[in-house]
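J.: So that we are looking at the same thing, I have put the structure below in C-alpha cells.
The values are calculated or read from the model by the stated rules, or taken from the named source; none is laboratory data. It should be emphasised that the depicted structure is a prediction, and the values quoted were computed from it without experimental measurement. Using ideal geometry, Cβ is built from the backbone for each residue, glycine included, and neighbour counts are taken over all protein chains shown.
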Amino acid sequence: MAVNDCRVVQCSALSAGGGVATYDNGSLSASSSFFEGNRTTFSASGGGAGGAITKSYGSSLTLTGCTFRGNTSFQAGAINLQLTGGPTVITACHFEDNTALEWSGAIQAFRGVSVLIDRCIFRNNRANALDPDGGYAGAIGNYGLISCGVACDVTVVNSVFEGNAAADSGGGINADEIARTRVYNCTFYGNTAAPGRGGGMSNTADFGGGSVLTVAGAIVRASTGGQILNNAAASVTYSNVEGGYAGMGNSAADPLFVGPGNYQLGAGSPALDAASNPAVPAGITLDLAGALRFVDYPGAAATGVPGGAGGAAVADMGAYERQCYPDCNRDGAMNLSDFGCFQTKFALGDPYADCNGDGARNLSDFGCFQTKFALGCP
Ligand SMILES: [Ca+2]
Ligand SMILES: [Ca+2]
Ligand SMILES: [Ca+2]
C-alpha cells in the first residue's frame, strides 16, 4: 500500500495504528504526507500503540519526507514497530509534539525489528508517566525481548533531537531489555529526563539486562537530567558530550553552533572533521540538510577517523556537515579548478552560483566568490 501526498488527520483506532496499519507480511510506504492529531483510544491503562501508524507481524515500512505532529497513544505516540519481519526505513521525516502516555513519545521499536532512521528531526515529543512503569523515551524507544542479533537493530543517523522529554528515562532515546541501538552523527540539544536518568539518551536495565547502545559522532548538550545514562552496555566514541564522557575521541568543548536553534557548526568548531567515518552506515552520503556528509574542512585538524565512504575527508560530529563554500568541487582543496566549477554552476543556473544570496545570479556573484575564496572558509 502506498500513501503519497496525503493528509491523515484526527483519525483513531481502538488499539493500534490510529491512522494507518500494516500487518501480516504487508508492505506500507508513505511519502510527502502529513499525519496530525491521530490517536489510539484503548483504555489508558490497557494498551494502545502507534497514534499514527502501526507496523506489525512481518510487514515492512518505508517513510520518506513525512510529518508527524500531535499524535497520541498509550505507547508509541506516532509510530509503533513490532515483531520480527521486514525492515523499516524512515528518511527525512519530522516528528513534533507527539505524546505517549507511557512509553516512546514518537517511535517505539519492540521485539526484533530492523529500523533505519536517517535525516529526521524530533522536536518536543514526550513520554508521560501515567503509572510508575511509564515515562520512558521522549522520542524513540527500543525494546527487544528476543535475541535476534543485528535483525533487531535500531540505527539512527544524521538526526536532531531537540526539546523532547521523558518523565523517567531517555529524553531523546531510551533502550532496554536486549535491544541493539546505534546512534551515529546525531545532535541532541535541550532534552529532558528525571534527575540522573539521561536527558539525551539512556540505556536502562529496568525491564531486563543486556541492552547495547553504540554512539559515535554525536553531539549531546544542554540536557536536563544528565546527558547519557548507561545502566547496561554502552559505547560512546568520537562524540561531543557536555561535561565529558569516557571514550575514544570524545570531547566536551563548546561545539560552536552557528546560533540558537541552528545546529550547523560554526567555523573553528572542535566538532569539525572529528567524527568516525567507519561508524557511518553504508549508503549514507548526505547530512540532515541534504549536503554531502563527508567533507574535508580546510583548516580543521582531522581528529576523527578517516576511511569508509569518505576516504580522507572526515565527517563532522552532529547532524550537519560544515560545507566550505569556495571549495566548489568539494575535493577538500581550494585552487583554480574551483573557479572553473563556479563558472560551470553559474552557466547551468545552479542556486550555488548565487554567492551573495540575493536571489539573482549576476556579475556581483563572481566578485563575491573571489572574496570568499580569498578568505578561505569563512
Ligand atoms: Ca568534515
Ligand atoms: Ca576544490
Ligand atoms: Ca547573487
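Results for (1) under 25 Å from the mean Cα position of the chain (by Cα); (2) of a type in the set (Val, Ile, Thr); (3) closer than 13 Å to Gln75 by Cα, shown as yes or no for each residue.
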position: Cys11; (1), (2), (3): no, no, no
position: Ser15; (1), (2), (3): no, no, yes
position: Val20; (1), (2), (3): yes, yes, no
position: Tyr23; (1), (2), (3): no, no, no
position: Gly26; (1), (2), (3): no, no, no
position: Glu36; (1), (2), (3): yes, no, no
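J.: Among (1) of a type outside the set (S, T, N, Q); (2) closer than 30 Å to Gly37 by Cβ; (3) part of a strand (DSSP E or B), there is one condition Ala129 misses while meeting the rest; what is its number?
T.: Ala129 satisfies all of (1) of a type outside the set (S, T, N, Q); (2) closer than 30 Å to Gly37 by Cβ; (3) part of a strand (DSSP E or B) except (3).
J.: Tell me, please, whether a residue that is under 23 Å from Ala282 (Cβ atoms) and hydrophobic (A, V, I, L, M, F, W, C) can be found in region 180-195. Talk me through it step by step, then tell me what you get.
T.: Filtering region 180-195 for residues under 23 Å from Ala282 (Cβ atoms) gives 180-187.
Filter once more, so that each one left must be hydrophobic (A, V, I, L, M, F, W, C): 183, 186.
Yes, the conditions are met somewhere in region 180-195.
J.: Any residue at all in region 137-158 that is of a type in the set (Ser, Thr, Tyr) and farther than 17 Å from Ser114 by Cβ? Working first, answer last.
T.: As a first pass, look at region 137-158 and keep what is of a type in the set (Ser, Thr, Tyr): 143, 147, 155.
Applying the additional criterion that residues be farther than 17 Å from Ser114 by Cβ yields none.
Scanning region 137-158, I find no residue that is of a type in the set (Ser, Thr, Tyr) and farther than 17 Å from Ser114 by Cβ, so the answer is no.
J.: Okay, next question. Within region 333-359, restricting attention to residues that are outside any helix (DSSP H, G or I) and surrounded by 16 or more Cβ atoms within 10 Å (Cβ to Cβ), which residue is nearest to ligand 2 (Cβ to nearest atom)? So that I can check it myself, show each step before the final result.
T.: Step one: list which residues in region 333-359 are outside any helix (DSSP H, G or I), which gives 333-335, 349-350, 354-359.
Of the ones still in play, those that are also surrounded by 16 or more Cβ atoms within 10 Å (Cβ to Cβ) are 334, 354-355.
Working: Met334: 6, Asp354: 19, Cys355: 15 Å.
So, considering only residues that are outside any helix (DSSP H, G or I) and surrounded by 16 or more Cβ atoms within 10 Å (Cβ to Cβ), the one nearest to ligand 2 (Cβ to nearest atom) is Met334.
J.: Follow-up question, since we're still on this one. When only residues in region 265-283 that are surrounded by fewer than 21 Cβ atoms within 10 Å (Cβ to Cβ) and either of a type in the set (A, V, I, L, M, F, W, C) or in a loop (DSSP other than H, G, I, E, B) (or both) count, which is nearest to ligand 2 (Cβ to nearest atom)?
T.: Taking region 265-283 and keeping what is surrounded by fewer than 21 Cβ atoms within 10 Å (Cβ to Cβ), we get 266-268, 270, 278, 281-283.
Filter once more, keeping what is either of a type in the set (A, V, I, L, M, F, W, C) or in a loop (DSSP other than H, G, I, E, B) (or both): 266-268, 270, 281-283.
On the way: Gly266: 21, Ala267: 17, Gly268: 20, Pro270: 24, Pro281: 27, Ala282: 26, Gly283: 25 Å.
Across region 265-283, the extreme among qualifying residues is Ala267.
J.: As an exercise: evaluate Gln227 against (1) closer than 22 Å to Cys324 by Cα; (2) buried (at least 16 other Cβ atoms within 10 Å of the Cβ); (3) modelled with pLDDT of 95 or more and give the number of the one condition it does not meet.
T.: All conditions pass for Gln227, except number (1).
J.: I would also like to ask the following. Considering only residues that are farther than 21 Å from Cys120 by Cα and in contact with a Lys or Arg (Cβ under 6 Å, 6 or more places away or on another chain), which ones fall in region 278-322?
T.: Tyr297
J.: Does Asp296 fit the bill of being acidic (Asp, Glu), within 16 Å of ligand 2 (Cβ to nearest atom), over 22 Å from Leu116 (Cα atoms) and in the same structural domain as Ala353 (by TED's automatic domain parsing)? So that I can check it myself, show each step before the final result.
T.: Working: acidic (Asp, Glu): yes; within 16 Å of ligand 2 (Cβ to nearest atom): yes; over 22 Å from Leu116 (Cα atoms): yes; in the same structural domain as Ala353 (by TED's automatic domain parsing): no.
No.
Yes/no per residue for (1) of a type in the set (Asp, Glu); (2) in contact (Cβ under 8 Å) with a residue 24 or more places away in the chain; (3) in a strand (DSSP E or B); (4) not assigned by TED's automatic domain parsing to the domain that holds Ala274:
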| position | (1), (2), (3), (4) |
| --- | --- |
| Ala205 | no, yes, no, no |
| Val215 | no, yes, yes, no |
| Val220 | no, yes, yes, no |
| Leu229 | no, yes, yes, no |
| Gly244 | no, no, no, no |
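J.: If you go through region 332-378 one residue at a time, how many are among the charged types (D, E, K, R) and under 29 Å from Ala312 (Cβ atoms)? Don't jump to the end; show me each part of the working.
T.: Narrowing region 332-378 to residues among the charged types (D, E, K, R): 338, 345, 350, 354, 358, 361, 365, 372.
Checking the rest, the ones that are also under 29 Å from Ala312 (Cβ atoms) come to 338, 345, 350, 372.
Residues meeting the conditions: 4.
J.: Continuing with this model, one more query. Within region 311-331, take every residue that is over 24 Å from the mean Cα position of the chain (by Cα) and more than 7 Å from ligand 2 (Cβ to nearest atom) and give me the one that is modelled with the lowest pLDDT. Break it down into steps so the answer makes sense when it comes.
T.: Filtering region 311-331 down to residues over 24 Å from the mean Cα position of the chain (by Cα) leaves 312, 325-331.
Cutting the leftovers down to more than 7 Å from ligand 2 (Cβ to nearest atom) gives us 312, 325-326.
Numbers: Ala312: 91, Tyr325: 88, Pro326: 91.
Only one residue tops the list, namely Tyr325.
J.: List the residue pairs whose Cβ atoms are under 9 Å apart, where the first residue sits in region 329-347 and is touching a residue at least 40 places away in the same chain (Cβ under 8 Å), the second is within 16 Å of ligand 3 (Cβ to nearest atom) and assigned to a helix (DSSP H, G or I), and the two are 6 or more positions apart or on different chains.
T.: Between residues of region 329-347 that are touching a residue at least 40 places away in the same chain (Cβ under 8 Å) and residues that are within 16 Å of ligand 3 (Cβ to nearest atom) and assigned to a helix (DSSP H, G or I), the close pairs are Met334/Phe373.
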